[in-house]
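Taken together, the values in this text are just the output of simple stated rules run on the coordinates, not laboratory data. The shown structure was predicted, so the numbers you read here are calculated from the model rather than taken from an experiment. Counting neighbours? That spans all protein chains shown, and the Cβs are built from the backbone with ideal geometry, glycine included.
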Amino acid sequence: YVRGIFKNLHGWFINCLRYLFCCFQDRAGQFFSSGHTNNWAVLVCTSRFWFNYRHVANTLSVYRSVKRLGIPDSHIVLMLADDMACNHRNPKPATVFSHKNMELNVYGDDVEVDYRGYEVTVENFLRILTGRLPPSTPRSKRLLSDDRSNILIYLTGHGGNGFLKFQDSEEISNVELADAFEQMWQKRRYNELLFIIDTCQGASMYERFYSPNLMALASSQVGEDSLSHQPDLAIGVHLMDRYTFYLLEFLEDIHPASKTNMNDLFKVCPKSQCVSTPGHRTDLFLRDPGSVLITDFFGSVRKVELTMETINLTDPIEQLESAESGELQKEMHTYADQLPVSEIIHQKPKQKDWHPPDGFILGLWTLILLVFFQTYGVKHLKHIF
Amino acid sequence: MKIRRAQQFVKYSDQPVMLKLKRGQLAALSIAAVVIIVGVPLWWRTTETYRAWLPVSQIKELAKLQLHLSADVEVVFARGTVTPEQQKKVPLTQTQNMEHRVDEDTALSYRYETRYRTATIMEEDALNQPTAAEADLSLHTLSESPSGSLVVYVIPESSSLLPQNVDVYIGQRRTALLRIGSQMRVGKTLEQLLAHMEPRIKQVLHVMSFSHTDITAALSNRVRISPGNKESIADSMRAFKSSPGYEITFSLLNPDPKSHRLHWDIEGAVETYIQPLLTKLSPVANFSIDSQTLYYAMLGVNPRFDSSRSTYTLNADSLAHVINPVEARLGSNAASSNPVLNFLLYIPDAHHSPLYIHDHKKQQVPTNAFHSPRWGGIMIIRQCWVYNVNEFYEVDTVFPVDINIDMAKVMGVFLAQLRLLLGVQSSTPPPGFLVAPCGNAGLADWELDRLMWSRSVENIATATTTITSLAQLLDQIGNIVINDNIAQQVSSAVTSLQLAVSELEAGNLGFALQYSKEAILSSERAFFDPSLLHLLYFPDDQKFAIYIPLFLPMCVPILLSLLKIVSEARQKHREKKPKKD
């Protein structure tokens, strides 16, 4: 009987606390629910060639959603490994479509591609993430996030178990990616990070993460292939991948003030639509995914405080002393030579690292074989030559 | 003849078997020797990565951060506050130490060295001024206290400097005026008087000098502390992180150039109002200022018409959506990676004039401005701050109308926002305190001191975290090349850090901040050096795949011949044994 009363009291107490907490949260508003003040997005398409049109369309559709929800170009790093809009095989130049029958042109009028073509390499991608860029890199090519930034990272292309292929010539492994995120965490370059990958066996890429505050989504599990959505007969290639197609449909319903949370994002593209099984990983994330808004990562909702104070300034503005009558200051300017041809022509060739000459290995083998046959009998040599 | 010639060239296969075997064994052994003695060290040296020496032991020492902060406080008793027998014991020096352990790697200790003395004649004269502000000014002309120190003048109850309900007046420099009750004075010893004054002095120190909450907030890079209350979360999110430089951009938004022609004397305003603050803050960071005018820049939110006041209003809730559409057009200086502070002044268009911001309680906000943490501030001009414009445009007004903006009012608001964004905390002082307005520089000396304390601690914490994580990273990944310049940067960062910590302990705030800035620069340069890219991750199966085709064909004959030699030697040994028997 006593236990029953105690249980009731306990339950009532918990409810009271919950109610108070909710009240306080509502009053405090959005300010304290997430700890971020700005948003960044790194969107990467890693494959080139015309038949990988769908990967560029994937990336551009996420770019379009992210821009529409408020993240400005200065906070988006867009990396496209190939130019589909101006490709010679594009029957509709300057467009990249995501829907059959050319319903939606995701290229638009206002695309700012930061890394294009051959600049999209594993090295550049890791440099952006860790911040180890050469000092001459302009602002638009840097990820200038701080400890209060929420970052969205979207990768698409061809991948396999534990790797993602860049430009058909190199690959990034899941260990390298996990290490890069750890270095970002060490330098507090993010507050929370959402990692979305749309490749075959995408779930293998987030298996090795170990830094806190990471949430990951992938379009397929290990051993499964991510499939493309639909080909367009006029353009001649597949336009989008299934996962990103349904992701785009989901994001089109989001507006900057919407309250949809991550649990809805996890339900995007179930197996019936996607054929592959999308996966997600939230164990490293501190907050409950149900309390994380989509706009925390895809949009840029600013926190705002009303300014209550002002400073009373009483001095009148000093009139700046303008230069004395008519005597204009003449500064000598010199034209900075952008391409110092004379220097380039007369430059000595750079000292390359010494490599053993080609055929060294072959020569080594021949020598070893000769010694072998010399030791054990010349008669075996006749069979070879 | 034929036999001789035949004898000259003895075929290899006819040579005695023992000789052949011996030659074979010798060949195999010598090849094995060459491979092991010459080949293996050569391979090791050529595949080694160059790693310059790093002061790892010193870095490990710095990982355990022990910060000692010390402040000098002078308490000056004016005439009438101490009795003659209490006065005999003065001058007196007391030291207070407080230790705090933040986490297992970080410990803080605060030391206050308090000197008690009586006031000089000149100080007495200064304290006889009619108002507290004038007293503050004349006291300042007498002596200049160094950075980080404080002077508290204790004035008697009878003094008329402070109004009735105010006990403490905090000046613009580093002085405070404290009034004590007279009844506490009579018949008590000096120790009891000091004990009575101590809570008040502690409060003064909490406001004017470093406080535990500020310092622990500054350590947030190093220690993930769960913040105490919502205020401190908001404070830590609002101010920019310590950076060697900042860029400030003033933008004038004119959505309706057809109706308004705007004139703002931004150069003069910046020179008169903003530059003094930035000059005062020059030990903390460098600032660069620019300004621009944007035409046809809309707010992105539709204001509502409030018929009761016949003005247009913007709700506090819709303010969050104002910034994004504008930000895309603002632009920034592409050459530097410094954080940018944007201050926007918006002149509403003729159809939506006048425009006021309402808070959650539907009251007009007096400043008509709002700011966003770590971004900047936006202000909507008020009608009364603009010359040459009527509330309602007459029918025959000639458009565009010339508008001159009162920069003093505008800059007043921007200056307040700038203070908040740079981390000059203005928390509410305890009851009975009166804080002097900060004057034309926009920053009181003690506020600058507080900022310097928290910046030094923040820089030191960040630099130590950077250096220790860099050392850890380089240790973990054996393949990264450590160039000489990185080693040099690391060494100079370690030296600067040690100097900064010792200067902080000695109480030299200016030097501590300077060394901490140098430490941050070197450590960031070392950590973000482009050559440290970890692209050298080789999984084990890849390593095997590279080395096997190179070494296996070479090693197989050598191993086989060595095995053959060993088996032959064993056979010989077995043959010999029965012979011995």
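Quick one: of A:K303/B:K64; A:K259/B:K362; A:K303/B:K361, which pairs are farther than 30 Å apart, Cα to Cα? Could you put the intermediate results ahead of the total?
On the way: A:K303/B:K64 36 Å; A:K259/B:K362 25 Å; A:K303/B:K361 18 Å.
Check vs 30 Å cut-off fails for A:K303/B:K64.
3J(HN,Hα) along region B:452-457: 5, 4, 5, 5, 4, 5 Hz, from the Karplus curve 6.51 cos²θ - 1.76 cosθ + 1.60 with θ = phi - 60°, whole Hz, x for Gly and Pro.
Positive end of the dipole of region B:82-147 (Cβ unit charges, origin at the Cα centre): among B:T131, B:T83, B:M98, the Cα lying farthest that way belongs to B:T83. Modelled label positions at B:L26 and B:T131, each set 7 Å beyond Cα in the direction of Cβ, lie 11.1 nm from each other.
Using the structure shown, list the pairs from A:K187/A:K352; A:K187/A:K350; A:K67/B:K258; B:K22/B:K564; B:K543/B:K564 with a Cα-Cα distance above 24 Å, or answer none.
A:K187/A:K352; A:K187/A:K350; A:K67/B:K258; B:K543/B:K564
Within region B:246-328, the chymotrypsin sites (Phe, Trp or Tyr not before Pro) that combine a DSSP coil assignment with at most 15 other C-beta atoms in a 10 angstrom radius are B:Y296.
For B:V17, put the label point 7 Å out on the Cα→Cβ axis and report which residues of region A:347-379 keep their amide N under 19 Å from it. Counting backbone N atoms under 19 Å from the label point, the list is A:375-379. Remark: relative contact order (chain A) = 16 percent; criterion is Cα-Cα distance under 8 angstrom and separation of 6 or more residues. Full extension of the chain between B:I36 and B:Q87 gives 9.6 nm of extra length, using 0.36 nm per residue less the Cα-Cα distance.
Kirkwood-type hydrodynamic radius, the protein assembly as shown: 34.2 Å, calculated from all non-identical alpha-carbon pairs.
Taking loop as defined by DSSP and a crowding limit of 11 other beta carbons within 10 Å, which trypsin sites (Lys or Arg not before Pro) in region B:322-386 fit? Answer in residue order: B:K361, B:K362. Here B:K64 and B:D475 are evaluated by their C-beta separation; at R0 = 22 Å the FRET efficiency comes out at 0.80.
Within 10 Å of each Cβ of B:315-324, how many other protein chain Cβ atoms are there on average? It would help to have the intermediate numbers written out before the result.
Working: counts 0, 4, 3, 2, 5, 10, 6, 2, 7, 11.
Across B:315-324, the average partner-chain Cβ count within 10 Å equals 5.
Compared with the dominant Cα axis of chain B, that is its longest principal axis, helix B:190-208 is turned about 70°. Per residue of peptide A:124-132, the mean number of Cβ atoms on other chains within 10 Å of the residue Cβ is 3.
What does the average come to when, for each residue of peptide B:408-421, you count the partner chain Cβ atoms lying within 10 Å of its Cβ? If you can, show how the numbers build up before the last one.
Numbers: counts 7, 3, 2, 4, 6, 5, 3, 5, 5, 5, 1, 2, 4, 0.
The mean count of partner-chain Cβ atoms within 10 Å per residue comes to 4.
A simple spin-label model places the labels of B:S531 and B:L560 4.6 nm from each other, with each point 7 Å out along Cα-to-Cβ. Classify chain B: rounded, prolate or oblate, from the alpha-carbon gyration tensor (a ≥ b ≥ c, eigenvalue square roots; a/c under 1.5 rounded; otherwise prolate if a/b is larger than b/c)? Judged from the Cα gyration tensor, chain B comes out oblate (a/c at least 1.5, b/c at or above a/b). Note on A:I345 and A:D109: the model spin-label points, each 7 Å out from Cα along the C-beta direction, lie 4.7 nm apart.
If you count the DSSP beta bridges with both ends in region B:245-422, what percent of them are antiparallel, to the nearest 5? Kindly include the intermediate steps, with their values, before the conclusion.
Values: 10 of 40 bridges.
So the antiparallel bridges in region B:245-422 amount to around 25 percent.
The alpha carbons of region B:35-179 stretch over 98, 30, 28 Å along the principal axes, in descending order.
Please give the FRET efficiency for B:R117 paired with B:S288, using the beta carbon to beta carbon distance and R0 = 51 Å, rounded to the nearest 0.05.
Details: r = 45 Å, r/R0 = 0.87.
E between B:R117 and B:S288, to the nearest 0.05, is 0.70.
Pulled fully out, how much extra length does the chain show between B:D105 and B:I548, if you take 0.36 nm times their separation in residues and subtract their Cα-Cα distance? It would help to have the intermediate numbers written out before the result.
Details: separation 443, 0.36 × 443 = 159.48 nm, distance 4.63 nm.
Full extension of this stretch gives 154.9 nm more.
Roughly what angle does helix B:484-506 make with the longest principal axis of chain B, taking Cα atoms, 0 to 90 degrees, to the nearest 10? The two axes meet at around 40 degrees. Taking 18 Å as the straight-line reach from the Cα of B:K202, the aspartates and glutamates in range (excluding those fewer than 8 positions away in the same chain) are B:D72, B:E74, B:E99, B:E113, B:D167, B:E191, B:D214, B:E447, B:D449. Residues whose amide H lies under 5 Å from that of A:S226, counting only those 5 or more places away or on a different chain, are A:C200, A:Q201; hydrogens are built 1.01 Å from N in the peptide plane. Rounded to the nearest Hz, the phi-derived 3J(HN,Hα) couplings of region A:51-63 under the Karplus curve 6.51 cos²θ - 1.76 cosθ + 1.60 (θ = phi - 60°) are 6, 9, 3, 5, 5, 5, 5, 4, 4, 5, 6, 5, 4, where x marks glycine and proline. Relative contact order of region B:67-216, please, whole-number percent, based on alpha carbon pairs below 8 angstrom and at least 6 residues apart. Result for region B:67-216 is 26 percent.
Sequence-distant contacts, meaning Cα pairs under 8 Å at least 6 residues apart, place the relative contact order of region B:375-528 at 21 percent.
Quick check: from the Cα gyration tensor, does chain A come out rounded (a/c under 1.5), prolate or oblate?
Values: a/c = 1.82, a/b = 1.25, b/c = 1.46.
Oblate, because a/c is 1.5 or more while a/b does not exceed b/c.
Per-peptide packing, taken as the mean over residues of other Cβ atoms within 10 Å, places A:131-142, B:39-50 in the sequence A:131-142, B:39-50 from highest down.
Between A:Q374 and A:Q273, what is 0.36 nm times their sequence separation minus the Cα-Cα distance? Round to one decimal in nm. The partial results should precede the final answer.
Values: separation 101, 0.36 × 101 = 36.36 nm, distance 6.82 nm.
Stretched fully, the A:Q374-A:Q273 segment lengthens by 29.5 nm.
Compared with the dominant principal axis of the Cα atoms in chain B, helix B:540-580 is inclined by about 40°. Can you bin region B:245-422 into rounded, prolate or oblate? Criterion: square roots of the alpha carbon gyration tensor eigenvalues sorted a ≥ b ≥ c, rounded for a/c under 1.5, prolate for a/b above b/c, oblate for the rest. The shape class here is prolate.
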